[in-house]
Amino acid sequence: MFIDVKLLSGFPKPLTYQIPTDWPQVQVGTLVRVPLKAQQVSAVVIRIYEQSTETFTIRKATQIEQFPQDPYYLTFMKELSSYYQLDEFFCIKRLKSFLKDSKIQEPIITTASTEPSLKTVTLTDEQQAIVDVLLPQIIHPAYQPTLIHGVTGSGKTEIYKKIIEQAFLEHKTVLLLLPEVSLAMQFEQIFRQKLSENIPIFSFHSATKPKLKQLLWDALLKNSPGLIIGVHLPVLLPLSNLGCIIIDEEHEIGFQEKKHPKINTKQAALLRARIYNIPIVLGSATPSIASLYNVKHRGWKLFQLKKRFAGTFPTVYTASLTDKKQRKSFWITDQLLNALKTCLIKKEQSIVFLNRRGVCFFIQCKSCSFIISCHACSVSLTLHADNTLRCHYCAYQQEAPAACAQCQKTEFLKKGIGTEQITTILKKLLPTARIGRADLDITSNKKLWAQTITAFEKQELDILVGTQTIAKGYHFPNVTLVGVIWADINLNFPFYNAQESTLQQLIQVAGRAGRQHNVSSVIIQTMTEQRIFQHLNEVDYLTFYESELERRAEVNYPPLIRFAEIELKHTKEDTVEQEAQRVAAYLMKQNSHYQVLGPAKPPVAQIKKIFSRKIYLKADSFITLQNAYRSLEHIKLKSSLFYTPDPLN
């Protein structure tokens, strides 16, 4: 017996080997070790046959690698690779590399805010109605995407718990996917409290230690049921007993990976659920426009949780930053300042949100207008409180100069605002307040972040100033006020989904208020009046869907059409510019089945000394987009080429 194999090292051609006579039955998709020169390398069996016509001596394969049996795995790998235009074994290579990786990142947090242990919770009528529909789908599986639109604090976790318990009774495994590692770690702690100890819980993400990865792999080899929690990687695991996939915070762009290939975990999970013919549950307080569109047009089921499990919804107010009325700080309106003072008197807690860290966006010479920028990225350097200027893309930093490098004058203007500066302002305005900060500068230091979260949970801090890190998942019972410093800061970014992502972020951060109180408020400070501010009441969030869909129909953007990004990268800007023009011109000449936009220079066109240009394609089907991208194979380019279907910025 002989086999043709594809090497995981990336060698393009299949190689032939002989199967040892004492091996058990080998199947297409089996992972094996084969000799290659003086090495032993991993390969996947792609063909099996009785006789070979080769005249040279064929070497024998040496070992069958332990790999969980999963009859649908190879099909899933092929379809996922086709969707993202990758080598069909890319995901297996990535999975094996991660399993062996000993250089694991340190956990982002070591403690997480959790709700009290509720092992014997009585479900509300809304929750029970959803459970009654979902549990039979675990017992008699079929592909059915179900969207749960549950307002913040409505108890979606209790529904997830019921699904996991039922799956375990059926000897099945559940994947629970979250948009970032800190949330995955938080949910692991929550479910260790909520679930019976006989249900194994495994984490599988960048903060998982090697020994715990091995425990998970051993469980997969034994086909043991359990709960696997993570971000991007769990959906790539071979699982013969997969019973259900749950995606929480399904609207989050964090499910799309930031580095190429930019695989979107949510899309991969939907593909896998269809191939495995199992249910998939997606939950959010602010469902994505795409998911709501799928409810209306592609057979998804929608359930709503309109009531909070405890507490009541906050009252939402808007305040103008451009009001000419004199105040102590431009960035803190009287309305917000008075509300913060009231909270301090009542010994209640507040969250102040601004999605920008640092002291200010950039500093500019007052004389010649020169802006200090990163030497490796096409962005200005952000000023921080320790008088350093930092790049938030490549981590380059330098001391803030005493004089302008261009004209040698010494006066600088500080433009914009960041979380560090807001913290400083609040300490001056509220000298008795105990104020903490929660942004990437803090969360990247796991010890400091754990101390900050613990202090806020224990009410040792009165005010927490933070970025989007605090906008999702956390349960702070004593928070009765959320203040948003600059609500419309992201609305003018050149992304078609800017309004959607801004509203989602505002509603999510507002949802931190009033989770255990009957009276709470949210104050949204803005520079301009925007239509999305009419939809800030999360109970009425779905009213935003229709107006946003109308806006996208006018310019023909997803979810009404299929959309893809082609990115070119090179160390020389002239090269990437010229080749992007060539590629765009070639695509435009091919046919009229798709529309070509660009090439365009992205907002950040250089990162770590690599220049980029982007071309966008619109069509009625992804097959059309894939064919357009594949047509570029014969064009010789010096630039690297990357393809991303339905990119999220």
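Bear in mind that the values in this text are calculations on the coordinates, not laboratory data. Here the structure is a predicted model, which means the values were calculated and not measured. Cβ sites come from the backbone with ideal geometry, for glycine too, and all protein chains shown count toward neighbours.
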Exercise. Using only C-alpha positions, report the orientation-averaged shadow area of the convex hull of region 562-645, nm², one decimal.
Key: 5.0 nm²
Exercise. Name the shape class, rounded, prolate or oblate, that the alpha-carbon gyration tensor gives for region 306-395, where a ≥ b ≥ c are the square roots of its eigenvalues, rounded holds for a/c under 1.5, and otherwise prolate holds if a/b is larger than b/c and oblate otherwise.
Key: prolate
Quiz item: What net charge do the residues around THR644 carry, taking every other residue with its C-beta under 13 Å from that of THR644, with Lys and Arg at +1 and Asp and Glu at -1?
Solution: +2
Quiz item: In terms of modelled amide H atoms, which long-range or inter-chain residues lie less than 5 Å from the amide H of VAL316?
Solution: VAL522
Self-check item: Stretch in the chain that is longest and holds no GluC sites (Glu not before Pro) that DSSP places in a loop and that have at most 12 other beta carbons within 10 Å
Solution: 198-410
Quiz prompt | Given 12 as the ceiling on other Cβ atoms within 10 Å, longest exposed-site-free region of the chain for chymotrypsin sites (Phe, Trp or Tyr not before Pro) in DSSP loops | solution = 331-649
Quiz prompt | Which label in (1) 0.95; (2) 1.04; (3) 1.08 gives the computed Cα Rg over 2.2 N^0.38 Å | solution = (2)
Self-check item: Segment ILE561-LYS638, extension gain: residue separation times 0.36 nm, minus the distance between their alpha carbons
Solution: 24.6 nm
Exercise. Between TYR143 and ARG630, with labels modelled 7 Å along Cα→Cβ, what's the label distance in nm to one decimal, could you check?
Key: 2.0 nm
Self-check item: Interatomic Cα distance distribution for region 286-444, bins of 5 angstrom, percent
Solution: 1, 7, 12, 14, 13, 12, 12, 10, 8, 5, 3, 1, 0
Exercise. With θ set to phi - 60°, apply the Karplus curve 6.51 cos²θ - 1.76 cosθ + 1.60 along region 72-79 and write out the HN-Hα couplings as whole Hz, x wherever there is a Gly or Pro.
Key: 9, 5, 5, 4, 4, 4, 5, 5
Practice problem: Find how much the distance from LYS447 to ILE58 grows on full extension, using 0.36 nm per residue of separation minus their present alpha carbon separation; answer in nm with one decimal. | Solution: 134.4 nm
Practice problem: Per DSSP H run of at least 4 residues, take -39500 (n - 2.57); add these up for the chain, divide by its residues and hand me the 222 nm value, nearest 500 deg cm²/dmol. | Solution: -9000 deg cm²/dmol
Exercise. Let me know the volume per residue of the alpha-carbon convex hull for region 460-615, in Å³.
Key: 152 Å³
Self-check item: DSSP beta bridges in the chain [antiparallel fraction, %, rounded to 5]
Solution: 50 percent
Quiz prompt | Residue-wise HN-Hα coupling along region 280-287, computed from phi with Karplus coefficients 6.51, -1.76, 1.60 (Hz; x: Gly, Pro) | solution = 9, 10, 10, x, 5, 7, 9, x
Practice problem: For SER82 paired with SER97, estimate the spin-label separation in nm (one decimal), with each label point 7 Å from Cα along the Cα-to-Cβ line. | Solution: 2.5 nm
Quiz item: Between rounded, prolate and oblate, where does region 493-579 land on the alpha carbon gyration tensor, with a ≥ b ≥ c its root eigenvalues, rounded for a/c under 1.5, else prolate if a/b exceeds b/c?
Solution: prolate
Quiz item: To the nearest 10 degrees, how steeply does helix 334-346 sit against the main Cα axis of the chain, on a 0 to 90 scale?
Solution: 90 degrees
Quiz item: Along region 367-380, what does the Karplus equation 6.51 cos²θ - 1.76 cosθ + 1.60 (θ = phi - 60°) give for ³J(HN,Hα), rounded to whole Hz, x for Gly and Pro?
Solution: 8, 10, 6, 5, 10, 7, 10, 6, 6, 10, 10, 8, 9, 6
Quiz item: Taking only Cα atoms, what is the 0 to 90° angle, nearest 10, from helix 125-139's long axis to the longest principal axis of the chain?
Solution: 10 degrees
Quiz prompt | Overall Cα dimensions of region 226-344, principal axis frame, Å, largest first | solution = 65, 37, 32
Quiz prompt | Backbone N within region 537-567 under 11 Å of label point (7 Å from ARG298 Cα along the Cβ vector) | solution = 559-563
Exercise. Percent of Cα-Cα pairs per 5 Å bin, from 0 to the last occupied bin, for region 472-527, please list those.
Key: 4, 20, 25, 21, 14, 9, 5, 1
Quiz prompt | Longest to shortest principal axis, alpha-carbon extents of region 133-198, angstrom | solution = 33, 30, 19
Self-check item: q = 0.23 Å⁻¹: log10 I(q)/I(0) that the Debye formula gives for region 2-100, counting C-alpha atoms only
Solution: -1.36
Self-check item: Cα-based shape type of region 353-443, given that a ≥ b ≥ c are square roots of the gyration tensor eigenvalues and the cut on a/c is 1.5
Solution: oblate
Quiz item: Taking H as built 1.01 Å from N, whose amide H comes closer than 5 Å to the amide H of MET527, not counting residues under 5 places away?
Solution: LEU321, ALA487, ASP488
Practice problem: Pull up all non-local amide H partners of LEU302: gap of 5 or more, or a different chain, and H-to-H distance under 5 Å with H placed in the peptide plane. | Solution: LEU147
Self-check item: When region 176-293 is reduced to its Cα atoms, the Kirkwood hydrodynamic radius in Å
Solution: 14.8 Å
